[in-house]
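Notes follow the structure.
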Ligand code: SF4
Ligand code: SF4
Ligand code: SF4
Ligand code: SF4
Ligand code: SF4
């Protein structure tokens with residue numbers, strides 16, 4: 001598939017066409033910040049954003065969703081959301097997070113609710129133009145992305161470079177007025193991507209990202225967990241804004257006839273009091289320090305062990321901004337462990 | 001199975017939470033169809049001494065109210081505290097911050113010494129008798145109330161959030177109000193309202209009461225980070241948090 005070039009005016013026209021025909025969600029301003037939302041006008045699209053308040057995972061795993069409706073002693077019916085949609089403006093680190101959750105939801109129990117939404121999505125990613133205040137994607141090697149998307153856009157000044165990676169993407173892009181990208185255009189794109197691979201580094205990891213799982217081997221009883229958790233609200237903000245967190249809680253609600261009802265799932269989070277309650281009410285990670293540790297172990301050890309090495313932190317920096325007591329930053333914790341453990 | 005008998009009682013409050021029940025609209029018919037309401041001063045004239053579930057609205061502010069709620073407790077199998085006045089003492093607890101004689105004089109002037117106007121420190125219902133379930137909020141959330149009643153009818157334990165308002169606030173994609181200079185109590189207040197206030201741009205003032213283990217040290221750190229004083233925080237905690245939990249620490 002040839003790489004295309006599309007002028008900014010042509011892109012606006014193309015997006016305008018799209019929003020008039022399809023269900024489109026895209027990045028827009030929200031006060032002085034940005035977020036994904038239903039896109040009704042191409043003028044509202046802000047591909048120059050720094051970071052969105054919420055990651056795009058909500059389009060695949062909504063905060064609350066109905067899994068099935070049931071009637072006691074009669075059976076149940078699964079509920080799926082299978083309306084196609086286009087998602088515009090996903091940054092590379094968020095795309096990598098989606099790829100990870102795809103992998104986890106395919107393994108073991110195949111999550112049909114998630115996968116139905118996922119397969120109905122057409123994802124248009126865009127390379128980062130403005131770095132957010134806490135992004136550290138370069139450190140996590142997630143500043144650029146190679147797969148998972150349908151189309152990748154890169155802003156090269158007066159135009160975008162547009163590369164379709166799937167047939168869906170190709171079909172969509174063919175509706176736009178484009179020209180073939182020249183060698184010069186491609187060089188510009190490469191420079192932008194190379195720069196992003198270095199410059200999205202508001203926090204510096206002292207070791208290589210690949211060393212993290214090994215680092216955690218010896219850190220289980222390190223004092224940092226207690227120290228950080230001492231000022232933790234257990235407010236779950238760090239989980240809620242994280243593109244790689246996907247814990248949920250399932251709950252039934254029965255209607256007044258006491259027979260029919262629905263089963264819903266809602267986002268949960270490993271930082272919340274009450275998370276990891278097992279039958280009998282015994283809370284096995286009762287202590288906040290244990291849960292604080294679990295969050296960072298999950299990111300840099302449990303998930304990589306499951307999906308072949310990739311760390312479940314893509315360096316978006318959202319948890320750093322969202323944590324009021326300023327303790328959630330994974331880089332600070334990993335660096336602290338590195339100083340103490342590796343230099344001994 | 002015979003329908004459970006429900007009685008609704010009010011103590012010191014604005015009756016706004018009962019009003020929420022009256023305003024259930026079509027669900028009110030479902031509710032009344034599923035239970036047998038035997039006493040409810042706001043909606044009917046009958047009284048009864050026989051009920052399975054007592055719903056108690058309002059806080060306990062006088063010695064004779066303590067006796068009354070104890071009798072209610074002894075008759076009911078299940079006692080539900082309805083609304084912030086009942087669950088945490090609510091705004092009524094504000095008076096606990098002052099000398100009681102001053103409070104009386106301020107409210108009743110020269111009549112303050114009349115015996116029927118006697119008053120005591122405000123208590124939440126569970127400071128006097130055992131409470132089985134709490135419907136939090138000022139006013140209560142109608143959906144949560146009917147959910148709790150349905151759970152009781154099914155003999156199932158309702159799941160009431162143990163986590164703070166921030167969870168729901170973040171799930172809604174709200175920017176944090178602290179960044180805009182508001183002292184929001186979201187991180188230490190129990191969720192369940194759908195982050196009603198921050199979603200409309202107002203700080204959470206704590207009407208659902210504290211979470212089970214509010215981290216006050218963390219709150220103090222955050223106050224410092226944003227260049228505010230502990231008094232700023234306390235000033236915000238006092239409306240719904242007087243003489244409970246960490247407010248007076
Ligand atoms: S842990 Fe923090 S920085 Fe890493 S992906 Fe999650 S929210 Fe982003
Ligand atoms: S955001 Fe910060 S305070 Fe809240 S749970 Fe996470 S680490 Fe704790
Ligand atoms: S909790 Fe609020 S709404 Fe309910 S009775 Fe008390 S003051 Fe009124
Ligand atoms: S606005 Fe309030 S409830 Fe929302 S995240 Fe901030 S502190 Fe929490
Ligand atoms: S946001 Fe806070 S004050 Fe507002 S309804 Fe919820 S608990 Fe009450």
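The values are calculated or read from the model by the stated rules, or taken from the named source; none is laboratory data. Because the structure is a prediction, the values reported are computed rather than measured. A quick note on method: Cβ atoms are made from the backbone with ideal geometry, for glycine too, and the neighbour counts reach across all protein chains shown.
Here are the numbers for this structure:
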{"quantity": "Qualifying positions in region B:195-214 - at the interface with another protein chain (Cβ under 10 Å from one of its Cβ atoms) and touching a helix residue (DSSP H, G or I) at 6+ places or on another chain (Cβ under 7 Å)", "calculated": "B:211, B:214"}
{"quantity": "Region B:80-96 residues that are within 16 Å of residue B:129 (Cα to Cα), paired with ones that are part of a helix (DSSP H, G or I) and away from ligand 5 (no atom under 15 Å from the Cβ) (beta carbon under 7 Å, 6 or more apart)", "calculated": "B:81/B:125; B:81/B:126; B:85/B:92; B:86/B:125"}
{"quantity": "Among the residues listed as B:127, B:105, the single one being surrounded by fewer than 20 Cβ atoms within 10 Å (Cβ to Cβ) and either closer than 26 Å to residue B:34 by Cα or within 16 Å of ligand 3 (Cβ to nearest atom) (or both)", "calculated": "B:127"}
{"quantity": "Residue within region A:173-180 that is within 27 Å of the chain's Cα centre (by Cα) and either more than 16 Å from ligand 5 (Cβ to nearest atom) or crowded, with 20+ Cβ neighbours inside 10 Å (or both) present", "calculated": "yes"}
{"quantity": "Pair list, Cβ under 6 Å, 6 or more apart: region A:1-12 residue part of a strand (DSSP E or B), other residue surrounded by fewer than 17 Cβ atoms within 10 Å (Cβ to Cβ)", "calculated": "A:5/A:179"}
{"quantity": "Residue list for region A:236-249, restricted to those being within 16 Å of ligand 1 (Cβ to nearest atom) and within 14 Å of chain B (Cβ to nearest Cβ)", "calculated": "A:236, A:237, A:238, A:239, A:240, A:241, A:242, A:243, A:245, A:246, A:247"}
{"quantity": "Residues of region A:10-38 satisfying the condition of being within 12 Å of another protein chain (Cβ to nearest Cβ) and either at pLDDT below 95 or more than 20 Å from the chain's Cα centre (by Cα) (or both)", "calculated": "A:31, A:32"}
{"quantity": "Region B:15-57: number of residues that are more than 18 Å from residue B:149 (Cα to Cα) and either touching a residue at least 40 places away in the same chain (Cβ under 8 Å) or within 14 Å of another protein chain (Cβ to nearest Cβ) (or both)", "calculated": "4"}
{"quantity": "Residue ID - farthest from the other protein chains (Cβ to nearest Cβ), chosen from residues in region A:250-270 that are farther than 16 Å from residue A:74 by Cα and part of a loop (DSSP other than H, G, I, E, B)", "calculated": "A:270"}
{"quantity": "Of the criteria (1) more than 16 Å from ligand 1 (Cβ to nearest atom); (2) over 21 Å from the mean Cα position of the chain (by Cα), which one residue B:175 fails", "calculated": "(1)"}
{"quantity": "Single unsatisfied condition, residue A:205 versus (1) outside any helix (DSSP H, G or I); (2) within 14 Å of chain B (Cβ to nearest Cβ)", "calculated": "(2)"}
{"quantity": "Out of B:175, B:214, B:158, B:139, sole residue that is in contact with a strand residue (DSSP E or B) (Cβ under 7 Å, 6 or more places away or on another chain) and either assigned by TED's automatic domain parsing to the domain that holds residue B:31 or within 27 Å of residue A:54 (Cα to Cα) (or both)", "calculated": "B:175"}
{"quantity": "Residues that are crowded, with 19+ Cβ neighbours inside 10 Å and within 9 Å of ligand 4 (Cβ to nearest atom), drawn from region B:155-174", "calculated": "B:164, B:165, B:166, B:167, B:168, B:169, B:170, B:174"}
{"quantity": "Residue that is touching a residue at least 12 places away in the same chain (Cβ under 8 Å), in contact with a helix residue (DSSP H, G or I) (Cβ under 6 Å, 6 or more places away or on another chain) and assigned by TED's automatic domain parsing to the domain that holds residue A:101, where the choices are A:170, A:163, A:177", "calculated": "A:177"}
{"quantity": "Test: residue in region A:183-190 that is touching a helix residue (DSSP H, G or I) at 6+ places or on another chain (Cβ under 9 Å), crowded, with 20+ Cβ neighbours inside 10 Å and part of a helix (DSSP H, G or I)", "calculated": "no"}
{"quantity": "Count of residues meeting criterion [away from ligand 3 (no atom under 16 Å from the Cβ) and within 14 Å of chain A (Cβ to nearest Cβ)] in region B:130-145", "calculated": "0"}
{"quantity": "Helices (runs of 4 or more DSSP H) wholly inside region B:140-249 containing at least 1 residues that are more than 12 Å from ligand 5 (Cβ to nearest atom) and without any contact (Cβ under 8 Å) to a residue 40 or more places away in the chain", "calculated": "B:142-154, B:165-171, B:216-225, B:230-241"}
{"quantity": "Within region B:39-72, considering residues that are modelled with pLDDT under 90 and buried (at least 17 other Cβ atoms within 10 Å of the Cβ), the one farthest from the chain's Cα centre (by Cα)", "calculated": "B:39"}
{"quantity": "Residues within region A:213-235 that are surrounded by fewer than 17 Cβ atoms within 10 Å (Cβ to Cβ) and within 14 Å of chain B (Cβ to nearest Cβ), tallied", "calculated": "3"}
{"quantity": "Residue A:301, sole failed condition from (1) within 12 Å of ligand 1 (Cβ to nearest atom); (2) closer than 25 Å to residue A:102 by Cα; (3) away from every other protein chain (no Cβ under 14 Å)", "calculated": "(1)"}
